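Below you'll find the structure, written out as structure tokens, and then a few comments.
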């Protein structure tokens, strides 16, 4: 890998972190601004999610267009995402316009005042978004799962809150959240594409982020009360001898969703790479245990997929299975039994080797576009603390996981299973 293609991590004098993955000659560049606080850092559920909506639809001072409209005027596409650990604003644009859009996203991220008419309009949009999610078993089941894993901890709350939560939110609460969290030490810029690291760093230093950071330097010692919890996050206890927990969410309709999973590893945990291989063995390719049995042999599901979600201090693994309502309980029980049996029986070295290759390859495929790599880089570097993280390095770690490391990770993951269902 040439020096020009390496990730460059820097902290400006104003404490804004900058990460750039330079792809020389790339015609498309993804620019993003990260706020390292999310739904777990809220006093009122749903505040961060509403903030995300507002800043992309607002017209920054001195500009004539909404943020999303201006991004689209450059021939690009923009969006924002709220997670439990962060809010990220991003845009994919022609490289020639990337630094201009970075300046725009910096203005959006630092907004603190929102017109009442905009707040009311976006609150209605959020309520509609959440209402549709609550009616879809394949969507709401993940909220049910996180509540089952984390209980009353803020990690267990739905990221966007509930429709009732959204209706109660005020402009003042969004402003307070922004002023509390959009500050030095919690802001970062991540760019992947044809712009050089030096150009990104210089543009960041000229942007609204630099001014915000300098304004808030004196407040840095005043740590907010809602800082993320230290390790370990307390998980709901299971009764002695009980190795699983189940939570059901009834919904009308002919489709049911089942999620099987449990606690896993943080983004900084060295076992995370081996866990990627475990997920491939559980529910990855066509020969994985759940796909082979539930789909190919029994025909109980067409849609089975797995996800390993790491956060800065915790993590979860989950396998989502869609089935008919009448098969919901059968699928939930079979999935748990199949996972436990697979872990107890273990896998041959040859089977682990195949899973390693595919898991490593999927990481590379998942980072094929500049947007995908930007989101991966931001999560692992900013939340996992690996400033020198790269797709290639992570894929190599997955490919190097030993059968024993894979087995140990699988045993840990299957120790206390959580089953969530929606529908039926």
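The values are calculated or read from the model by the stated rules, or taken from the named source; none is laboratory data. In this text, all values refer to a predicted model and were calculated from it rather than measured experimentally. Here Cβ is always computed from backbone atoms with ideal geometry, including for glycine, and neighbour counts include all displayed protein chains.
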(request) Identify the single condition in (1) under 11 Å from residue 50 (Cα atoms); (2) assigned to a helix (DSSP H, G or I); (3) touching a helix residue (DSSP H, G or I) at 6+ places or on another chain (Cβ under 7 Å) that residue 124 does not satisfy, given that it satisfies every other one. (result) (3)
(request) Spot the failing condition for residue 92; the list is (1) closer than 20 Å to residue 195 by Cα; (2) not in a strand (DSSP E or B), and only one is missed. (result) (2)
(request) Answer yes or no as to whether residue 206 is assigned by TED's automatic domain parsing to the domain that holds residue 82, surrounded by fewer than 17 Cβ atoms within 10 Å (Cβ to Cβ), farther than 19 Å from residue 48 by Cα and in contact (Cβ under 8 Å) with a residue 24 or more places away in the chain. (result) yes
(request) Among the candidates 224, 163, 228, single out the residue that is more than 23 Å from residue 376 (Cα to Cα) and either modelled with pLDDT under 90 or touching a strand residue (DSSP E or B) at 6+ places or on another chain (Cβ under 7 Å) (or both). (result) 224
(request) Could you tell me which residue of the stretch 151-171 is nearest to the chain's Cα centre (by Cα), considering only residues that are farther than 24 Å from residue 311 by Cβ and part of a helix (DSSP H, G or I)? (result) 163
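Pick from 355, 392: which is crowded, with 16+ Cβ neighbours inside 10 Å, outside the structural domain of residue 185 (by TED's automatic domain parsing) and either within 20 Å of residue 265 (Cβ to Cβ) or in contact (Cβ under 8 Å) with a residue 24 or more places away in the chain (or both)?
Working: 392 fails: crowded, with 16+ Cβ neighbours inside 10 Å.
Among 355, 392, only 355 is crowded, with 16+ Cβ neighbours inside 10 Å, outside the structural domain of residue 185 (by TED's automatic domain parsing) and either within 20 Å of residue 265 (Cβ to Cβ) or in contact (Cβ under 8 Å) with a residue 24 or more places away in the chain (or both).
Might you check whether a residue that is within 20 Å of residue 314 (Cα to Cα) and part of a helix (DSSP H, G or I) occurs anywhere in the stretch 355-371? Walk me through how you get there before you give the answer.
Of all residues in the stretch 355-371, those within 20 Å of residue 314 (Cα to Cα) come to none.
Among the residues of the stretch 355-371, not one is within 20 Å of residue 314 (Cα to Cα) and part of a helix (DSSP H, G or I), which makes the answer no.
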(request) Output the residues belonging to the stretch 322-352 that are in a helix (DSSP H, G or I), buried (at least 21 other Cβ atoms within 10 Å of the Cβ) and in contact with a strand residue (DSSP E or B) (Cβ under 7 Å, 6 or more places away or on another chain). (result) 328, 331, 332, 335, 339
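Is there a residue in the stretch 393-412 that is touching a strand residue (DSSP E or B) at 6+ places or on another chain (Cβ under 7 Å) and either assigned to a helix (DSSP H, G or I) or closer than 30 Å to residue 98 by Cα (or both)? Show your work before the answer.
To start, the set of residues in the stretch 393-412 that are touching a strand residue (DSSP E or B) at 6+ places or on another chain (Cβ under 7 Å) comprises none.
Checked the stretch 393-412: no residue is touching a strand residue (DSSP E or B) at 6+ places or on another chain (Cβ under 7 Å) and either assigned to a helix (DSSP H, G or I) or closer than 30 Å to residue 98 by Cα (or both).
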(message) Whether any residue in the stretch 368-375 is under 15 Å from residue 288 (Cβ atoms), surrounded by 19 or more Cβ atoms within 10 Å (Cβ to Cβ) and modelled with pLDDT of 95 or more is what I want to check.
(response) no
(request) Give the stretch 170-192 a look and list any residue that's in contact with a helix residue (DSSP H, G or I) (Cβ under 6 Å, 6 or more places away or on another chain), within 16 Å of residue 54 (Cα to Cα) and surrounded by fewer than 22 Cβ atoms within 10 Å (Cβ to Cβ), or say none. (result) 171, 173
(message) I'm trying to understand the selection: among the residues of the stretch 293-321, which are surrounded by fewer than 20 Cβ atoms within 10 Å (Cβ to Cβ), farther than 30 Å from residue 82 by Cβ and either within 16 Å of the chain's Cα centre (by Cα) or in contact (Cβ under 8 Å) with a residue 40 or more places away in the chain (or both)?
(response) 293
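Please work out if residue 156 is without any contact (Cβ under 8 Å) to a residue 12 or more places away in the chain, within 28 Å of residue 262 (Cα to Cα) and in contact with a helix residue (DSSP H, G or I) (Cβ under 9 Å, 6 or more places away or on another chain). Walk me through it before giving the result.
Numbers: without any contact (Cβ under 8 Å) to a residue 12 or more places away in the chain: yes; within 28 Å of residue 262 (Cα to Cα): yes; in contact with a helix residue (DSSP H, G or I) (Cβ under 9 Å, 6 or more places away or on another chain): yes.
So residue 156 passes the test.
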